Every structure is written in structure tokens, then in C-alpha cells.
Amino acid sequence: PQTNGVRAILVKDNKILLVKHSYSDSWFLPGGGMKKGETFHQAIKRELFEELGISVENLKLHGIYNNFQEGKIDHIFVFSSGTFSTPTKSDAEIEKFEFFDFENLPEKISPGTKRRIDEFLQQKESFCGDW
């Protein structure tokens, strides 16, 4: 199967927002899957609002990635923004969310998330590659 997903690098006061899903021990960038007929911008805005109650503006494309693990083809579009509302909730999929200092990221962070954060800190933009 082939899927398209969206993730967001959301940074305020030099802290990044990460989420911990109810089905995983690792921390991730917030986001999720696209629905049929959605644009990438519509998908990330919907996911952030549904899962965390966040409204986001000034989205910039950070990069496009391919994930061929688990026998599937997954395309992940990552956006960044520093203009967003404060998270107000979490849904059943999100166990918890937290803002982390870049110098004090959680120990259990997904490898793909860690690579995206490193790229962001190195100011790499519009990057294409493997998740």
C-alpha cells in the first residue's frame, strides 16, 4: 500500500512540540495521514486541530521523505511553523504532548523525528530523502 502523511515542526521560545502516541513508547512530530481530496496544507492543519486543538499559520515546507519500511510506501511531507495556538487537548491517539528544549530532547524519540529536528537545527530546508 501507498500512503501520504504530514508532520509539523512547531517551535516557540526555542522549544519544539512533540507528541507521544498511545500505541508507541517513542516521541514524534505531530501529524498524521492525509484524507482523500485534501491538500498537504489542509491535512496538516486538520491533523493539528483534531489531535491537539492547534490552529497553525505561516507553514513552510521543510521536506519530503520516503519510508519503505514495514513493506509499504509512505510519503511524508514535513512543514515547520512558529505561528500557532497553544495546544489545548489531546485525542485518544495522543497520550501526551510536551514542549522540549532542543538541548534536552526526550531519550525515546523516533529516529525519523530526531533526523528532522537535526535538519531543522542545521537550517536545512526543502530537503528530500529517506525518513
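Structure above, values below:
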| item | result |
| --- | --- |
| Pair-distance profile P(r), taking every C-alpha pair of region 43-114, with 5 angstrom steps and integer % | 3, 12, 18, 22, 27, 14, 4, 0 |
| Net lengthening on full extension, residue 42/residue 118 (0.36 nm per residue, minus Cα-Cα) | 24.8 nm |
| Within the chain: Cβ-based charge dipole about Cα centre, in debye rounded to nearest 20 (Lys, Arg +1; Asp, Glu -1) | 260 debye |
| Kirkwood hydrodynamic radius of region 89-131, from inverse mean 1/r over distinct Cα pairs, in Å | 12.3 Å |
| Two-site label geometry, residue 23 and residue 102: point separation in nm, points 7 Å out along Cα→Cβ | 3.2 nm |
| Cα→Cβ-extended label distance, 7 Å offset, between residue 69 and residue 95, nm | 1.7 nm |
| Estimated Rh, the chain: Kirkwood, alpha-carbon pairs, angstrom | 14.8 Å |
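Bear in mind that the values in this text are calculations on the coordinates, not laboratory data. What you see is a predicted model; the values in this text were computed from it and never measured. Here Cβ is always computed from backbone atoms with ideal geometry, including for glycine, and neighbour counts include all displayed protein chains.
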